[in-house]
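Data block below; observations after.
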Amino acid sequence: MSVKELEERERAAQQAGFGLVAWLRWGWRTLTSMKTALILLFLLALASVPGSLVPQRGVDPDKVAQLYEKSPTLAEWYDRFQLFEVFTSVWFAAIYLLLFTSLIGCVLPRTATYLRELRRKPPAAPKNVSRLPHFASFEGDLEAGRVAERLRKLRFRVVTGDGWVSAEKGYLRETGNLFFHVALLGILLAVGFGSLFGYRGNVLVVEGDGFANTVAAYDRFIPGNQVSAESLEPFSFQLEDFKVAYQVTGEKRGQALDYTARLKVNDSPGSPAREYDLKVNDPLEINGTQTYLIGNGYAPVFKVTDGKGQVAFEGPVPCLIEAKGTMTSGCVVKVPDAQPAQLGFLLQFLPTSVPLTDGTYASAFPGSLNPEVQLVGAFTGDLGLRSGQPRSVYELAPPELMKKLTPLIMGKSVPKPLAVGQSIDLPKGAGKLEFTGVKEWITLQTAYDPGRMPVLVFAATAVVSIALSLMIRRRRVFVRIGNGVVEVGGLTRTEGSAAGFAEEFADIVKVLAAGEKDVR
C-alpha cells in the first residue's frame, strides 16, 4: 500500500472520528457528567431567585397590576422574559429538563457500579501490611477464623485466606450517595407529576360573597395538562367576615399582627355548612385541595344614580392598594348602564382619613377608623366596555379612550372626601355618587398538588442520604498471622478521613488482641 493511500485512510478515519455520532456521544457524556449536573442544579437554584424577587401572577396578581400601573415599560420587559411566571417559563423548564436528563445519566451507571461493588469481595491482604497508613502488631496464637469472627461482630465484610484476613466496611457511604441522586431525580419527577395533574387558581372575594370551586369562578386559573373541569374538588364557602389586628402603639404602629377570614364552608354539594377561620399559613384543606389566604384590601360600597334618576350601580368595589403602610387604595367605578351616557369615577379610599396642613387629606392608619373616599375625577362618555376586548378592573379606560371622555369633576373642582352616608351630585344633571359603606376583600390561592407529599418524602430521603454519604467512611482492615505474631493494617478509601479512622483502628486492634499480649 502506497504512502498516499495510507494518508487518505488516516484522513478518513479522523473525519469519521469527529462525525455526528462522535459529537452526540461527546454531548451525552458531557451532559451526564457530575460536573454538569452540579452546574445545572446551581442554575436551577439561580433561576428560582427572580420568582422570589418579582411578583408572580399565580401568587400575587395584585402586585403585578401595581407594577404595570407604576412602571409599565419595566413590567412589559418582565413579561417579555416571563419573569411574572418564572416557574412555568420556557427557560426554567429547559433547565429543569436538562437537569432531569443529566441525573438519569448519572444514576443509571452509578447504580450498575454500586451493584457490582455489593457483589465484590474485599481484596486479599497485602504481603507487607506494615506499609499501610495504619499499622499495629501483637503476639498471639490467633487463627484466621477467630479474627474473622471478631471482625464480623464489628460489622465488617470478611474474606479469609491462608494466614490472612481481609475485611471492609462503610458500604452505606455509596448507598447514601446513590440514594441522594435517586432522591433528587424523585423530586423532579414528583414536581413534574404535580404540574401535570395539579392546578392552582386565584380569586378575589368580598365580604358577604361566596366562592364555588369551579373554573368559571376563578379570576386566574392555571391547570395542569391532565386537569379537566371535572377534576376540581366540589367545595364552596361564604366569606362571612374578615378581620385584621394592627399594632396601635409604638414604633411599629400600623403593622399587621393577625389576619382572620371567617368562612362558612360546604365540603361538598348538599353537605352541612361548617365554620372555619382561615389564617395566613393555615390553609383550608379539603381532600388534598388547599386554599391559602394571600392578600387583603378594602372594597368601599357605592351607589350611583344616573341622570334619569335610576340606580345604575350599587355594590362594593375592590380597590388596589397604593400604600401598604396606610392601606390607601385607588378605586375605579365603571357604570356602563348609566343614562343618558356612561359614567366613570376615579377615587381614593382613605381608611383613617386626616386633614393635612396644605388642605389635602391622607390616611394615618391602615385600620378603618375614619373611612372616607376622595373623588379624584368623574367622567362621562364611552368607556369601551362593549367593544368585546378584555379590560382591567383597575383602569377606567385605555389611554386612547380616556382622551375622548368628558370630565365632569377634576382638579380644583374636586370636593372634600365623602364619609359613609354622604353623596355628591354630578354637574349638568349627570347623576349622583353616594358612599354607603365599607367592606373588605381577600385574595385566595387554591392549589391541588398530588406531588406535594412525594416531594416531601424524597426531600427527607435526600437529607438523610447526604448525611450518610458525608458521615460514613469506607475503610479496610487487613490481618496477617504467622510465627506467633498478628499484624494488623488499615486504610480508608475516603479522602480526608484518615485522621478520624486512627481512633477506630486502635479500637479494632484492641478487640482483636483481647486476651492476647504485648500489643505494639
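The values are calculated or read from the model by the stated rules, or taken from the named source; none is laboratory data. None of these values were measured; they are calculated from a predicted model. Please note: Cβ atoms are built from the backbone with ideal geometry, for glycine as well, and neighbour counts cover all protein chains shown. Just the protein is used for accessible areas: all its heavy atoms, side chains included, with ligands, DNA and RNA removed. Shrake-Rupley method; radii C 1.70, N 1.55, O 1.52, S 1.80 Å.
Find the residue count for the range 315-331, including only residues that are touching a Phe, Trp or Tyr at 6+ places or on another chain (Cβ under 7 Å), open to solvent by 20 Å² or more (accessible area, probe 1.4 Å) and part of a strand (DSSP E or B).
Final tally of qualifying residues: 0.
With the requirement that a residue be closer than 13 Å to Phe435 by Cβ and either charged (D, E, K, R) or within 42 Å of the chain's Cα centre (by Cα) (or both), what does the range 302-312 give you?
Result: Phe302, Lys303.
Out of everything in the range 298-313 that is surrounded by fewer than 21 Cβ atoms within 10 Å (Cβ to Cβ) and in contact (Cβ under 8 Å) with a residue 24 or more places away in the chain, what residue ends up being nearest to Glu440 (Cα to Cα)?
Taking the candidates together, the pick is Val301.
Among the residues of the range 181-198, is there at least one that is over 17 Å from Arg452 (Cβ atoms), at pLDDT 90 or above, outside any helix (DSSP H, G or I) and open to solvent by less than 10 Å² (accessible area, probe 1.4 Å)?
For the range 181-198, residues over 17 Å from Arg452 (Cβ atoms), at pLDDT 90 or above, outside any helix (DSSP H, G or I) and open to solvent by less than 10 Å² (accessible area, probe 1.4 Å): absent.
Among (1) within 25 Å of Arg475 (Cβ to Cβ); (2) in contact with a helix residue (DSSP H, G or I) (Cβ under 8 Å, 6 or more places away or on another chain); (3) open to solvent by 50 Å² or more (accessible area, probe 1.4 Å), there is one condition Arg146 misses while meeting the rest; what is its number?
Only one criterion in (1) within 25 Å of Arg475 (Cβ to Cβ); (2) in contact with a helix residue (DSSP H, G or I) (Cβ under 8 Å, 6 or more places away or on another chain); (3) open to solvent by 50 Å² or more (accessible area, probe 1.4 Å) is unmet by Arg146, namely (2).
If we keep just the residues of the range 162-180 that are modelled with pLDDT of 90 or more and touching a helix residue (DSSP H, G or I) at 6+ places or on another chain (Cβ under 9 Å), which is surrounded by the most Cβ atoms within 10 Å (Cβ to Cβ)?
Top of the filtered list is Val165.
When the range 243-258 is examined, which residues are found to be touching a residue at least 40 places away in the same chain (Cβ under 8 Å) and either over 18 Å from Ser368 (Cα atoms) or within 27 Å of the chain's Cα centre (by Cα) (or both)?
Val244, Ala256, listed by residue number.
Is it fair to say Arg473 is farther than 30 Å from Ala338 by Cα and modelled with pLDDT under 90?
yes
For the range 102-114, does any single residue satisfy the condition of being within 30 Å of Leu512 (Cβ to Cβ) and either surrounded by 13 or more Cβ atoms within 10 Å (Cβ to Cβ) or of a type in the set (S, T, N, Q) (or both)?
yes
I need the full set of residues from the range 120-165 which are part of a strand (DSSP E or B), over 48 Å from the mean Cα position of the chain (by Cα) and under 22 Å from Ala506 (Cβ atoms), in order please. Talk me through it step by step, then tell me what you get.
Our first condition is that a residue be part of a strand (DSSP E or B); within the range 120-165, this holds for 134-139, 157-161, 164-165.
Now restrict to residues that are over 48 Å from the mean Cα position of the chain (by Cα): 134-139, 159-161, 164-165.
If the condition is that a residue be part of a strand (DSSP E or B), over 48 Å from the mean Cα position of the chain (by Cα) and under 22 Å from Ala506 (Cβ atoms), then His134, Phe135, Ala136, Ser137, Phe138, Glu139, Trp164, Val165 are the ones that fit.
From the residues in the range 355-386 that are hydroxyl-bearing (Ser, Thr, Tyr), out of contact with any helix residue (DSSP H, G or I) (no Cβ under 9 Å at 6 or more places or on another chain) and not in a loop (DSSP other than H, G, I, E, B), which one is surrounded by the fewest Cβ atoms within 10 Å (Cβ to Cβ)?
Step by step, filter the range 355-386, then rank; the result is Tyr361.
Would you please list the contacts, defined by Cβ atoms under 6 Å and residues six or more apart or on different chains, that run from a residue in the range 150-173 that is closer than 22 Å to Thr111 by Cα to a residue that is part of a loop (DSSP other than H, G, I, E, B) and modelled with pLDDT of 90 or more?
Lys169/Phe156
Just checking, how many residues over the range 468-483 are in contact with a Phe, Trp or Tyr (Cβ under 7 Å, 6 or more places away or on another chain) and open to solvent by 50 Å² or more (accessible area, probe 1.4 Å)?
Qualifying residue count for the region: 2.
Every residue in the range 332-354 that is closer than 22 Å to Gly309 by Cα, part of a loop (DSSP other than H, G, I, E, B) and open to solvent by less than 10 Å² (accessible area, probe 1.4 Å), please.
Ala338, the sole residue that qualifies.
Considering only residues that are part of a helix (DSSP H, G or I) and small (Gly, Ala, Ser), look in the range 63-107 and name the one that is nearest to Glu395 (Cα to Cα).
Ranking the qualifying residues of the range 63-107, first place goes to Ala65.
Identify, please: which residue in the range 387-409 is in a loop (DSSP other than H, G, I, E, B) and hydrophobic (A, V, I, L, M, F, W, C) and is, among those, surrounded by the fewest Cβ atoms within 10 Å (Cβ to Cβ)? Can you show your working first?
If we filter the range 387-409 for residues that are in a loop (DSSP other than H, G, I, E, B), which is where we start, we get 387-398, 403-405.
Okay, now just the ones that are also hydrophobic (A, V, I, L, M, F, W, C), so 393, 396-397, 405.
Working: Val393: 13, Leu396: 20, Ala397: 22, Leu405: 21.
That would be Val393.
Kindly provide the set of residues from the range 42-62 that are touching a helix residue (DSSP H, G or I) at 6+ places or on another chain (Cβ under 6 Å) and assigned to a helix (DSSP H, G or I), ordered by number.
Scanning the range 42-62 gives Leu43, Leu44, Ala47, Pro50, Gly51.
I'm trying to understand the selection: among the residues of the range 229-278, which are in contact with a Ser or Thr (Cβ under 6 Å, 6 or more places away or on another chain) and among the basic types (Lys, Arg)?
Lys243
Can you give me the ranges of the strands (runs of 3 or more DSSP E) entirely in the range 214-286 with at least 3 residues that are hydrophobic (A, V, I, L, M, F, W, C)? Talk me through it step by step, then tell me what you get.
Details: elements: 220-223, 236-246, 256-266, 274-278, 284-286.
Of the strands (runs of 3 or more DSSP E) lying wholly inside the range 214-286, those with at least 3 residues that are hydrophobic (A, V, I, L, M, F, W, C) span 236-246, 256-266.
Report yes if Glu285 is under 24 Å from the mean Cα position of the chain (by Cα) and within 29 Å of Gly192 (Cα to Cα), otherwise no.
Yes: the conditions hold for Glu285.
What number of residues within the range 135-153 satisfy the criterion of being under 21 Å from Glu503 (Cβ atoms), touching an Asp or Glu at 6+ places or on another chain (Cβ under 9 Å) and of a type outside the set (S, T, N, Q)?
The total comes to 3.
Every residue, every condition in (1) modelled with pLDDT of 85 or more; (2) not hydroxyl-bearing (Ser, Thr, Tyr), yes or no:
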{"position": "Gly19", "(1), (2)": "no, yes"}
{"position": "Thr32", "(1), (2)": "no, no"}
{"position": "Ile39", "(1), (2)": "yes, yes"}
{"position": "Thr73", "(1), (2)": "yes, no"}
{"position": "Arg80", "(1), (2)": "yes, yes"}
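Does the range 483-493 contain any residue that is outside any strand (DSSP E or B), at pLDDT below 90 and either under 11 Å from Ala136 (Cβ atoms) or over 57 Å from the mean Cα position of the chain (by Cα) (or both)?
Checked the range 483-493: at least one residue is outside any strand (DSSP E or B), at pLDDT below 90 and either under 11 Å from Ala136 (Cβ atoms) or over 57 Å from the mean Cα position of the chain (by Cα) (or both).
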